[in-house]
Amino acid sequence: MNILIVDDTKFNLEYAKNILIENKINCHILLANSGKKALNLLAAQTIDIVILDIVMPEIDGLEVLKEIRKDEKHHNIPVIMFTSLTDKQALKKSFEYGATDFINKPIEPIEFISRVKSAISIRNYALYLNETLDTIKEQNQELLSLNKKLQETQFYLVQKEKLVAIGQLAAGVAHEINNPIGYVSSNTETLSKYIHKIKTAIDQYRKLLDCLSDTDIQSKEVQNHMKELYSLKKKLHLDFIMTDIDSLIDDSFKGLEKITKIVQSLRNFARHDLENDFNYYDFNDLVEETLLLIKNEAKYIIDIEKDLKDLPLTSCNRTQIGQVLLNIMVNAVQAIKSQSREEQGLITISTFSNENYVVCEIIDDGPGIPKDIIDKIFNPFFTTKEVGSGTGLGLSISYDIIVNKHSGELLVSSEVDQGTTFTIKLPIKKMSS
């Protein structure tokens, strides 16, 4: 406890000091014989109580009191006014300016000690309140931080549930599409066989018609039928149909095969129930499946180039890696679209392997990522997209999947206006025999 006594009379300073010492007041006593020295001590040290004479040369006690109360850190300091004045107006001003109490001069020890002890109690109580307030503020900040984390966790769980729901929906859609694909594919195969037989028969009819046309037939009825057949053949474009029909059947089979692959990709993407299902896969197959899902998103706007090298089978969770690839590819597509440029964008996907890793690079020629935020893109809920158009979880989840769940690496490099490269590295694990 630091007590500052301010009086322009040396006798009063020493007398007040001795009273405090004799009464064993536990404090450190500072003395000032002018208002200027008092203000300097207040600026340099922590003062708990000020005992201040009103009448002093140069700067009187009232001016010092006003200066004390101007400083916010001195608002709670008890200030006891020393006065020998009988002028009630001076005391009134003292309390208006923020004085806590007063002591009459000449000093009467019992009154002096009582007033000082009262000020010490007030100061201790104020310090306790400040300490309690600081503790409450600290706890409040911790609660706010905890509440924010709870909200983020809740939001993360909601988003995860949404992904599960989307996965279930995709699985349902895939199942519903798969059924008609089955019988359409079967019927198309049967139809192909029927058409082959019909073509064989028509070819025989055409040969017969050509043979009859080369023969001198007198029957007008036969000649009329032949003319009608030639006319119908020309009208129905039978020659073109016979050459084009095989191509149509081939295209139908290719279309069905493509739909089947898309359905299989949806079913693979939808398997959120297999969180711990690790198996050995060809990483290139996962890339191809993901490209089928984003093809429509990139159509007419972005060219996609592939450079997929032969890879060893990779131990991974198929669903999770599919989600990572989808997140990064969709981000690349959206980044290019955000530029609203006239020329086609470009996404290049390459895979290769080295001694330790299977590596996939996804390179776009989009707007790039500024240096001041590139270190934040894997943070949960960080997004540069407009409110409502992105959760900021895609890359955070991707990082968690690659680094924490697959012991791999997810790297990013970017240059503004040049594009961005994401590199996925999965460790090569030998298959157990």
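Each value in this text was obtained by applying a stated rule to the coordinates, not by laboratory testing. Everything numeric here is computed off the predicted structure, so don't read it as measured data. Glycine gets a Cβ as well: all are built from the backbone with ideal geometry, and neighbour counts include every protein chain shown.
Loop-located trypsin sites (Lys or Arg not before Pro) in segment 14-83 (DSSP state not H, G, I, E or B) with no more than 11 neighbouring Cβ atoms inside 10 Å: Lys24. All Cα-Cα separations within segment 279-427 were binned at 10 Å from zero, giving a P(r) of 11, 43, 37, 9, 0, each value a whole percent of the pairs. Each Cα pair of segment 2-107 feeds into the Kirkwood radius, which the Stokes-Einstein equation turns, at 4 °C and 1.567 mPa s, into a diffusion coefficient of 95 µm²/s. Computed over every Cα-Cα pair of segment 31-82 and binned at 5 Å starting from 0, the pair-distance distribution P(r) comes out as 4, 22, 38, 27, 9, 0 percent. Of all aspartates and glutamates in the structure, those lying under 18 Å Cα to Cα from Lys234, and not within fewer than 8 positions of it along the same chain, are Asp203, Asp210, Asp244.
Based on alpha-carbon centroids, what's the gap between segment 289-314 and segment 187-236 in Å, whole number please? Cα centres, segment 289-314 to segment 187-236: 48 Å.
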